[in-house]
Every structure is written in structure tokens, then in C-alpha cells.
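Visitor: Let me give you the structure first, and then I'll get to my questions.
The values are calculated or read from the model by the stated rules, or taken from the named source; none is laboratory data. Quick caveat: nothing in here was measured; it's all calculated off a predicted structure. Neighbour counts run over all protein chains shown; Cβ positions are idealised from the backbone, glycine included. With ligands, DNA and RNA removed, areas are computed over all heavy atoms of the protein, side chains included. Shrake-Rupley method; radii C 1.70, N 1.55, O 1.52, S 1.80 Å.
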Amino acid sequence: MDKLLLAYDGSEPAKHALEVATDLAKKIGAKIYILYVVDVNAATELFGEYSGKIAEELMEKAKEILKEAMEKAKEKGVEAEEVVEAGTPAEKIVDVAKKIDAYMIVMGAHGYSGIKRLLIGSVSEKVIRMSDRPVLIVKNPKHHK
Ligand SMILES: Nc1ncnc2c1ncn2[C@@H]1O[C@H](COP(=O)(O)OP(=O)(O)OP(=O)(O)O)[C@@H](O)[C@H]1O
Ligand SMILES: [Mg+2]
């Protein structure tokens with residue numbers, strides 16, 4: 001239980017998940033890995049390609065998103081490491097969880113594009129389906145003390 005993987009896309013629900021993941025990590029003395037996946041398929045659809053300047057800019061944006069999350073984790077005194085991948089978000093989340101041997105994956109119920117009528121977003125759903133380890137879906141803002 002010494003490693004938690006937080007899937008983080010910078011959205012409000014992911015921020016709630018960050019709160020829960022850092023509190024949990026602190027309590028159990030775990031290290032938290034914060035992963036952002038640059039969605040290559042979405043980028044290719046949007047820009048017609050994923051390479052060169054576009055890939056560079058998306059990577060920059062990824063780093064910005066992660067920087068904010070890393071600061072939050074450090075404020076709480078939790079050991080954290082950022083991870084950036086490019087690919088299909090759900091697949092990469094499951095891959096990285098295996099690679100680092102995370103005890104648990106923590107993620108938001110929704111992300112940016114959320115159709116709120118649905119219980120959870122497609123990335124969360126796919127991760128639950130594909131992962132062989134516990135997945136914690138953070139549905140609501142936690143009760144802040
Ligand atoms: N690119 C990503 N990198 C890392 N984590 C992600 C990424 N996209 C989503 N997540 C994680 O999955 C959670 C749920 O997001 P998801 O994308 O499934 O919902 P959505 O954006 O509302 O719906 P959809 O993408 O299916 O339209 C987020 O809170 C975040 O924890
Ligand atoms: Mg999404």
C-alpha cells in the first residue's frame with residue numbers, strides 16, 4: 001500500500017480526487033504518482049496530427065497541469081512524483097498502475113467533457129473495466145475540515 005496512482009486531468013472532479021488521494025496517502029504513508037495522459041487520438045482528431053509543434057505544446061500543457069497538482073501534494077507534505085504519458089488515457093492509466101505497482105488507482109467520476117447525466121466518464125469506466133487493482137472513484141467534493 002505504499003504507492004497510489006492518481007489519474008489527473010486538471011478538471012474540477014480530478015481536483016477533488018487529488019484532495020482525497022493526498023489525504024489518504026498522508027494517512028497511510030504512501031507515495032503518490034500523479035499521471036496526466038496526453039490524449040493522442042483526441043489531438044489527432046482535433047489537429048489532424050500528433051507530432052512536432054502540436055505534440056510539444058500539448059506536453060507543455062501537461063506539465064503545467066501537473067505542476068499545480070504537485071504543489072498541492074507538497075503543501076500537504078505528501079511525497080509525490082509526476083508522470084506524463086501520451087496515448088489513450090484509460091490504457092495508459094492501467095499500464096502505469098502496473099508498471100509502478102500501484103496499490104490503488106484514484107480518479108474523479110468526471111473530467112472535462114463530462115455529460116453529467118452519466119454516472120461516470122468513459123475514462124473512469126474503462127479503467128474500472130481494465131484494471132486488475134482497486135479503483136477509487138471520487139464522486140463529490142470531500143468534506144473539507
Ligand atoms: N487525460 C487524462 N489523464 C489522466 N487522467 C485522466 C485523463 N482523462 C480523464 N482522467 C481521469 O478520469 C477521471 C474521469 O474523467 P473522464 O474523462 O472519464 O470523464 P469526462 O471527461 O467527464 O467524460 P468523457 O471523457 O468520457 O467525455 C478524471 O477525473 C481523471 O481522474
Ligand atoms: Mg474526459
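Visitor: Being out of contact with any Ser or Thr (no Cβ under 6 Å at 6 or more places or on another chain), open to solvent by 40 Å² or more (accessible area, probe 1.4 Å) and in contact (Cβ under 8 Å) with a residue 24 or more places away in the chain is the filter here; which residues of segment 48-83 pass it? Walk me through it before giving the result.
Guide: From segment 48-83, those out of contact with any Ser or Thr (no Cβ under 6 Å at 6 or more places or on another chain) are 48-49, 51-72, 74-75, 77, 79-83; that's our starting set.
Now drop any that are not open to solvent by 40 Å² or more (accessible area, probe 1.4 Å), which leaves 48-49, 51-53, 56-57, 59-61, 63-64, 67-68, 71-72, 74-75, 77, 79, 81-82.
Selection gives M59, E68, K72, G77, E79, E81, E82.
Visitor: Another question about this same structure. I need a count of the residues in segment 30-47 that are open to solvent by less than 60 Å² (accessible area, probe 1.4 Å), more than 13 Å from ligand 1 (Cβ to nearest atom) and more than 17 Å from the chain's Cα centre (by Cα).
Guide: Total meeting the criteria: 1.
Visitor: Here's a follow-up. Have a look at S122, S113 and point out the one that is surrounded by 12 or more Cβ atoms within 10 Å (Cβ to Cβ) and of a type in the set (S, T, Y).
Guide: S122
Visitor: Taking segment 96-117 as the region of interest, how many residues are in contact with a strand residue (DSSP E or B) (Cβ under 8 Å, 6 or more places away or on another chain) and more than 7 Å from ligand 1 (Cβ to nearest atom)? Give the derivation first.
Guide: Kept after step one, since they are in contact with a strand residue (DSSP E or B) (Cβ under 8 Å, 6 or more places away or on another chain), are these residues of segment 96-117: 96-97, 100-109.
Then drop every residue that is not more than 7 Å from ligand 1 (Cβ to nearest atom), which leaves 96-97, 100-106.
Number satisfying all stated conditions: 9.
Visitor: Right, here's the next one. Are any of the residues in segment 4-24 within 24 Å of P141 (Cβ to Cβ) and open to solvent by 90 Å² or more (accessible area, probe 1.4 Å)? Steps first, answer last, please.
Guide: Here is the first cut: in segment 4-24, the residues within 24 Å of P141 (Cβ to Cβ) are 4-24.
Now narrow it down to the ones that are open to solvent by 90 Å² or more (accessible area, probe 1.4 Å): 12.
Yes, segment 4-24 contains a residue that is within 24 Å of P141 (Cβ to Cβ) and open to solvent by 90 Å² or more (accessible area, probe 1.4 Å).
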